[in-house]
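The structure appears right after this line, and notes come after that.
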Amino acid sequence: MNTSRPVWEPSKERVERANLSRFIRFVQQNHAEVTDYPGLYDFSVREPEDFWRAVWEFCGIRASGEFEPVLVDGDKMPGARWFPGVRLNFAQNLLRHKDDRVALITRNEWGDKREFTYTQLHEEVGKLGAALREAGVKAGDRVAGFMPNIPETVIAMLAAASLGAIWSSCSPDFGINGVVDRFGQIAPKVLFTADAYPYGGKTFDCLGKIRDVLAKIPSIEKLVVVPYSGAALKLDGIAGAVAWPDFVGAEPCELEFTPTAFDHPLYVMYSSGTTGVPKCIVHGAGGTLIQHLKELVLHTDLKREDRIFYYTTCGWMMWNWLVSSLAVGATLVLYDGSPSHPDAEALWDLIDEVGISVFGTSAKWIAASEKAGVKPRESHKLTTLKTILSTGSPLADESFDYVYRDVKERVLLASISGGTDIISCFALGSPLLPVWRGELQCRGLGLKVEILDDDGKPLRGEKGELACTAPFPCMPVGFWNDADGSKYKNAYFSKVENVWCHGDHALLTEHDGIVIYGRSDAVLNPGGVRIGTAEIYRQVEQLPEVLESIAVGQEWHNDVRVVLFVRLREGFTLDDALSEKIKKHIRANTTPRHVPAKILQVADIPRTISGKITEIAVREAIHGRPVKNTDALANPQALQLFEALRPQLAN
């Protein structure tokens, strides 16, 4: 990590125009004497009630009821309650704007181009909300989406939320069991789907899967099908099925909002499910709203004139996060399809085509863009681009170099990290702070994030467990079907009493930034030395021959040895010379402990539906142990490659 100088610093003009600068002045006038980000962060965790009250006021959250107290039982994790006297509606806050500004721009692989203004979005949500009410949907009912990333998905979520119903979605590339494992637990009353979707130049049917899903989830009374592909809909024999246009109708309907409690369930999200049936994580309306507004308005510096994009499916929390941008009045850009179709420049092209100013993607995609030799600085204008967001896995040091060398020099590159568990971030960006190579700029305001050692004591400059040691509003309401809260408590609070332990292996830097080294449960432990897998990936994937890699610990003679699997560029084969090159590069840039005992070549690496490689599944496969839930994987067949390598791992 280079600590000599930052790779980016905000201009004086950017600092002056930042929402965060206005917020600091707002806090000064109304709450406390703060002058900069470190002082604001300190205030936010020292005086959480004043801080979250300030966010509420500054972001103009619409609600009724009693605004005091802000926090009850603030010494309990879990158990703390925020704004218990407040009533609000999530959809009403996202639809606070009603004008001719563009709310949604959508593109897909088929070449479809659509736009919705805020007025049109209001009209569509009003019609669908009335149709859902007519279908018997009420507050607390579940409405699910097996949907691609298209405007109808946004409209369906907003319509459900306007009634106080609970929205849950997964992407249409899930297998039948993956859908049933998720939606089967929450028993939705209405299910939305598209007839088909595009990916990688191909069209994939949805209705075949849906027939099996309906047979296994008897709670579904109505199936609403979006005629997305343009082909004639064939709904014969599908019980309760109706085409979207027929369900919604043509008559305009006044949009009505059902007020709910601050902690009323809004979303059900799902854990990856790679170690068993996915956990159903319930997020509340108020906590999600105030946290997303804090992150979008203050950390991301989102304004009405911005066009914000995140490459995501509807099964990843970044979709929920992106949609909350509507509350700012910004324009959301939705894309459905492969990020590399028809070529590796597809998303860079999209930035110039529609004028994206905040561009979100995954660390893997940025690395893949560099591997493909794409240099947008030379091939694209990128005039509107002011911020790049990266998440999904740690962003390698070299990807920072790539962005500032080959993409754009004057751009804020914010690596962000959090998760489905909190539907937001623990560490992310700031328009007021410099960017240091390899680091997430700062801890999120209002979240008392600390790095703890094995005894639960705070660390700085040393690796440990990322934790949050005080309550925060976007903590889950709980888990579905967890009446006594035991599953929820065991998931986050079993390591250290009254502390949220997130499961990331991380470090707090001298700049107050964060470095993530990988998941704690995937940490390698050869000879008792803890090694984050990301430390190895950062080195291996610098080599031009390597496309991607995955490292796991193999149980070996009463110890653990590091085994590295590599997927190579076409035309390369792993021979002794390349193996030695990889080992030398790792040794030269890390420590001898990081050097794998064995390196093997594979044609594919298993990943979750949201695109994250899964070390735990590979670890189980090489030990001959069953992988509990292969339906959570996008490519479960890849595990067979690792099972087949077991003889080579016997010596």
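Is it true that PRO592 is exposed (fewer than 15 other Cβ atoms within 10 Å of the Cβ), over 27 Å from SER271 (Cα atoms) and not β-branched (Val, Ile, Thr)?
Answer is yes for this residue.
What's the number of the only condition in (1) part of a helix (DSSP H, G or I); (2) open to solvent by 80 Å² or more (accessible area, probe 1.4 Å); (3) closer than 21 Å to ASP181 by Cβ that ARG587 fails to meet?
(3)
Select from the range 300-337 the residues that are in a loop (DSSP other than H, G, I, E, B) and small (Gly, Ala, Ser) and write down the one among them that is surrounded by the most Cβ atoms within 10 Å (Cβ to Cβ).
Residue satisfying both the conditions and the ranking: GLY315.
List pairs: first residue in the range 132-145 and within 15 Å of VAL282 (Cα to Cα), second residue aliphatic (A, V, I, L, M) and open to solvent by 30 Å² or more (accessible area, probe 1.4 Å) anywhere in the structure, Cβ distance under 9 angstrom, at least six positions apart or on different chains.
ARG142/ALA187
Taking SER549 as meeting all but one of (1) free of Cβ contacts under 8 Å to residues at least 60 places away in the same chain; (2) under 18 Å from CYS468 (Cβ atoms); (3) small (Gly, Ala, Ser), write down the number of the exception.
With respect to (1) free of Cβ contacts under 8 Å to residues at least 60 places away in the same chain; (2) under 18 Å from CYS468 (Cβ atoms); (3) small (Gly, Ala, Ser), SER549 is out only on (2).
Could you tell me which residue of the range 53-101 is surrounded by the fewest Cβ atoms within 10 Å (Cβ to Cβ), considering only residues that are closer than 22 Å to CYS501 by Cα and under 26 Å from the mean Cα position of the chain (by Cα)?
Looking at the filtered set, the residue picked out is GLY79.
Find all pairs meeting these conditions: Cβ atoms under 9 angstrom apart; at least six residues apart or on different chains; first residue within the range 328-353 and on the phi > 0 side of the Ramachandran plot and in contact (Cβ under 8 Å) with a residue 40 or more places away in the chain; second residue of a type outside the set (Ser, Thr, Tyr) and in a helix (DSSP H, G or I).
These pairs meet every condition: GLY337/ALA346.
Kindly indicate which of ILE238, ILE210 is surrounded by 14 or more Cβ atoms within 10 Å (Cβ to Cβ), of a type in the set (Val, Ile, Thr) and under 28 Å from the mean Cα position of the chain (by Cα).
After applying the criteria, what remains is ILE210.
Going through ALA470, ALA522 one at a time, which residue ends up being touching a helix residue (DSSP H, G or I) at 6+ places or on another chain (Cβ under 7 Å), at pLDDT below 90 and surrounded by 18 or more Cβ atoms within 10 Å (Cβ to Cβ)?
The unique qualifying residue is ALA522.
Here are some conditions: (1) of a type in the set (A, V, I, L, M, F, W, C); (2) over 26 Å from VAL529 (Cα atoms); (3) touching a residue at least 40 places away in the same chain (Cβ under 8 Å). LEU639 meets all but one. Which one does it not meet?
(3)
What number of residues within the range 376-395 satisfy the criterion of being part of a loop (DSSP other than H, G, I, E, B), open to solvent by 20 Å² or more (accessible area, probe 1.4 Å) and more than 14 Å from ILE351 (Cβ to Cβ)?
3
Before we move on, is ALA215 free of Cβ contacts under 8 Å to residues at least 24 places away in the same chain, in a loop (DSSP other than H, G, I, E, B) and among the aliphatic types (A, V, I, L, M)?
Answer is no for this residue.
Any chance you could count how many residues in the range 550-577 are part of a strand (DSSP E or B), over 20 Å from ILE613 (Cβ atoms) and either open to solvent by 80 Å² or more (accessible area, probe 1.4 Å) or at pLDDT 95 or above (or both)?
Number of matching residues: 1.
Only one of VAL529, VAL515 is touching a residue at least 40 places away in the same chain (Cβ under 8 Å), open to solvent by 40 Å² or more (accessible area, probe 1.4 Å), closer than 26 Å to LYS457 by Cβ and in contact with a Lys or Arg (Cβ under 9 Å, 6 or more places away or on another chain); which?
Sole residue among the options that is touching a residue at least 40 places away in the same chain (Cβ under 8 Å), open to solvent by 40 Å² or more (accessible area, probe 1.4 Å), closer than 26 Å to LYS457 by Cβ and in contact with a Lys or Arg (Cβ under 9 Å, 6 or more places away or on another chain): VAL529.
The values are calculated or read from the model by the stated rules, or taken from the named source; none is laboratory data. The structure displayed is predicted, hence computed values, not measured ones. Don't worry about glycine lacking a Cβ; one is built from the backbone with ideal geometry, like all the others, and counts go over all protein chains shown. Heavy atoms of the whole protein, side chains included, go into the accessibility calculation; ligands, DNA and RNA do not. Shrake-Rupley method; radii C 1.70, N 1.55, O 1.52, S 1.80 Å.
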